[in-house]
Amino acid sequence: RRHLKTCDHKSDGRKYRRCRFPIWVDGFLGDVEIRKSLELRDWEKAQATIREWEAEGTLTEPGATPITLAQAQEDFLRDAEARGLRQPTLKKYRVMLAQLTAFGEKEGRPFLSQFDLPALRRFRESWIDGGISALKKLERLRAFYRFAHESGWVSENLPKKLGNPKVSSPPTLPFTKDQMVSILAACPKYSGDAQRLRAFTLLLRYSGMRIGDTATCARDRLNGRRLLLYMQKTNEPVFVVLPQFVVDALDSMAPISERYFFWTGEGDRDTVAGNWRRTLRKIFKAAGVKGGHPHRFRDTFAVDLLLAGVPLEQ
């Protein structure tokens, strides 16, 4: 009790409970020293508040209900959508948060504040992801907790205390000339549209675009040999001059859409990119190219420019 001057029991000390003057708390919660008024006069309610603080591991206002994990996730995803994050990014957040929810249900932790550092360590131990995937997931978990901390739901961003996983990421290498010849020679062996497949491969190789931007490239972006588009991830304008034989390959295809080279315009952009990835895997296998990946076309494009003397900044 914080006895006021008018209290007859001031001389009895702070532990005298029978008066009705304000109750304060003085002590440590974890490593944090707390000395503040509870804004309560009822001793039982004050004890209940302290027990709640100790159970949650953080301060909650008297009578306040800690936010549930489900509500925190809903608010975070709604904010992410309002910021204009792309659907693939939102999908990855939803997957990570669904795993966090399943873990919380297994351990009986419905409230966000119940996830202390040991619990988060156990959550990370449950991942089966490789090094790079685990690092990306940890970054998404930290972003979620940063939002929760800024919203006042947790006292700190605990995932920042989790060490990064060891990542071994050898650099991808460009395709050699022989490999490019084998890849193009394998296009007619594929049961699909060999002419379209060859044009798609050439555009990947000589434009330096990502596979998603290539798969959804619009016809009006090509003016003669000049290709202009806005990158799907960064919305940055990209400009490059294509070799004439790449333009000829695009013109020789049977059109499937008035607007796009390789997409009908229907369905999801990520779906069409995924379909082309699966097709290219079959081409790499038919060409006998080990470790074939669409991103290596970008590496080939970049190395070719560097060897031609194009400045690194450009």
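The values are calculated or read from the model by the stated rules, or taken from the named source; none is laboratory data. Since we're looking at a predicted model, the values are computed, not measured. Here the Cβ is made from the backbone with ideal geometry for all residues, glycine too, and neighbour counts use every protein chain on show. The accessibility values were calculated without ligands, DNA or RNA, using every heavy atom of the protein model including side chains. Shrake-Rupley method; radii C 1.70, N 1.55, O 1.52, S 1.80 Å.
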**OP:** For the chain, report the accessible area per residue in Å² (1.4 Å probe, heavy atoms, rounded to an integer).
**Re:** 61 Å²
Subject >> 3J(HN,Hα) from dihedral phi, segment 196-211, Karplus parametrisation 6.51/-1.76/1.60, rounded to Hz, x for glycine, proline >> reply: 5, 5, 5, 5, 5, 5, 5, 5, 4, 5, 9, 10, x, 7, 5, 5
Original post:
Roughly how many percent of the accessible protein surface of the chain is carbon and sulfur, given a 1.4 Å probe and a whole-percent answer?
Top reply: 50 percent
Original post:
Using modelled backbone amide H atoms (1.01 Å from N, in-plane), which distant-in-sequence or interchain residues come within less than 5 Å of Phe175's amide H?
Top reply: Thr300
Original post:
How far apart, in nm, are the 7 Å Cα→Cβ label points at Ala254 and Val240?
Top reply: 2.8 nm
Subject >> Solvent-accessible area of His295 with every protein chain in place, 1.4 Å probe, in Å² to the nearest 10 >> reply: 80 Å²
Subject >> Dipole in debye (nearest 20) - the chain, about Cα centre, beta carbon charges: Lys, Arg +1; Asp, Glu -1 >> reply: 500 debye
**OP:** Give the dimensionless ratio obtained when the Cα radius of gyration of the chain is divided by 2.2 N^0.38 Å.
**Re:** 1.52
Original post:
Using a 1.4 angstrom probe and counting only protein chains, how large is the accessible area of Ser126 in Å², to 10?
Top reply: 70 Å²
Original post:
Expressed as cubic angstrom per residue, what is the convex hull volume of the alpha carbon set of segment 114-197?
Top reply: 183 Å³
**OP:** Would you grab the residues whose amide H sits under 5 Å from the one on Tyr260? Only those 5+ places off in sequence or on another chain, please, with H modelled 1.01 Å from N.
**Re:** Arg219
Subject >> Amide H contacts under 5 Å for Ile34, placed H, 5+ residues apart >> reply: Gly27, Phe28, Leu29
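Sorted by accessible area with a 1.4 angstrom probe, largest first, how do Tyr145, Tyr230 fall?
Largest to smallest exposure gives the sequence Tyr230, Tyr145.
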**OP:** Report ³J(HN,Hα) in whole Hz for each residue of segment 143-149, in order, from the Karplus equation J = 6.51 cos²θ - 1.76 cosθ + 1.60 where θ = phi - 60°; Gly and Pro get x.
**Re:** 5, 4, 6, 4, 5, 5, 5
Original post:
Between Leu228 and Glu125, what is the label-to-label distance in nm when each label sits 7 Å out along the Cα-to-Cβ direction?
Top reply: 5.7 nm
Subject >> Computed magnitude of the charge dipole of segment 123-282 (debye, nearest 20; Cβ of K, R +1, Cβ of D, E -1) >> reply: 420 debye
Subject >> HN-Hα J in Hz across segment 150-160 - Karplus 6.51, -1.76, 1.60, θ = phi - 60°, x for Gly and Pro >> reply: 5, 7, x, 7, 10, 7, 7, 8, 4, x, 5
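Restricting to DSSP H runs of at least four residues, report the calculated mean residue ellipticity at 222 nm for the chain, -39500 (n - 2.57) per run over all residues, nearest 500 deg cm²/dmol.
-15000 deg cm²/dmol
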Subject >> Members of Lys106/Lys166; Lys36/Lys92; Lys160/Lys282; Lys161/Lys290; Lys136/Lys282 lying beyond 30 Å, as alpha-carbon distances in this model show >> reply: Lys36/Lys92; Lys160/Lys282; Lys161/Lys290
